[in-house]
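Colleague: Quick one: the structure is below, and I'll ask about it shortly.
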Amino acid sequence: MFFFLFGSVSPRLTLIQSALPVRCPNCLLPEATVYQYKSSNVLKVFFVPILTFGSKPIWQCKNCVWTSDKPPDDETIRRSEIDELTHQRSPLPTWGLSRCRKCGKESNFSGRRKFCPYCGDEPKGR
């Protein structure tokens with residue numbers, strides 16, 4: 001119990017400068033945002049690092065914090081781009097839509113909104 005008050009084991013990420021960055025398969029930005037890091041566990045006593053152990057290479061995007069054990073290859077990025085282009089966007093939900101008595105425009109009155117944002121009158125369904 002004494003150890004838990006004054007010591008901890010925490011991960012530490014160190015950027016590997018020799019590795020070239022690559023494009024992220026998650027956020028699909030045109031510039032390279034995925035960098036290689038070395039993840040290692042650090043034993044600290046009284047906030048002073050004592051021992052480093054269990055290091056492994058990881059790849060992480062600086063933009064969306066996507067993380068993987070291996071670098072993203074061109075095929076993975078190409079498949080992500082195709083999925084993004086062919087992905088059907090779901091329509092907005094229609095529950096809560098009511099027509100205004102005065103101006104006749106539809107608006108979502110399901111939340112705290114009690115008046116029409118266009119003219120200020122109450123909706124028909126209330």
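The values are calculated or read from the model by the stated rules, or taken from the named source; none is laboratory data. Computed from a predicted structure; not experimentally measured. Positions of Cβ are backbone-derived with ideal geometry, glycine not excepted, and every protein chain shown enters the neighbour counts.
Colleague: Filter segment 95-126 down to residues that are surrounded by fewer than 10 Cβ atoms within 10 Å (Cβ to Cβ) and at pLDDT 60 or above, then give me how many there are.
Modeller: 4
Colleague: Out of all the residues in segment 57-70, is one or more farther than 15 Å from S10 by Cβ, modelled with pLDDT under 85 and in contact with a Cys (Cβ under 7 Å, 6 or more places away or on another chain)?
Modeller: Scanning segment 57-70, I find no residue that is farther than 15 Å from S10 by Cβ, modelled with pLDDT under 85 and in contact with a Cys (Cβ under 7 Å, 6 or more places away or on another chain), so the answer is no.
Colleague: Right, something else. Only one of (1) in a strand (DSSP E or B); (2) exposed (fewer than 14 other Cβ atoms within 10 Å of the Cβ); (3) more than 22 Å from the chain's Cα centre (by Cα); (4) among the hydrophobic types (A, V, I, L, M, F, W, C) is not met by L13, so which one is it?
Modeller: (3)
Colleague: Ok, one more. List, please: which pairs have Cβ atoms under 8 Å, are six or more places apart or on different chains, and start with a residue in segment 38-58 that is farther than 21 Å from F6 by Cα and end with one that is in a strand (DSSP E or B) and of a type in the set (A, V, I, L, M)?
Modeller: K38/L13; K38/I58; S39/L13; S39/I58; I58/L13
Colleague: Restricting segment 32-56 to residues that are among the aliphatic types (A, V, I, L, M) and within 17 Å of P11 (Cα to Cα), which is surrounded by the fewest Cβ atoms within 10 Å (Cβ to Cβ)?
Modeller: V48
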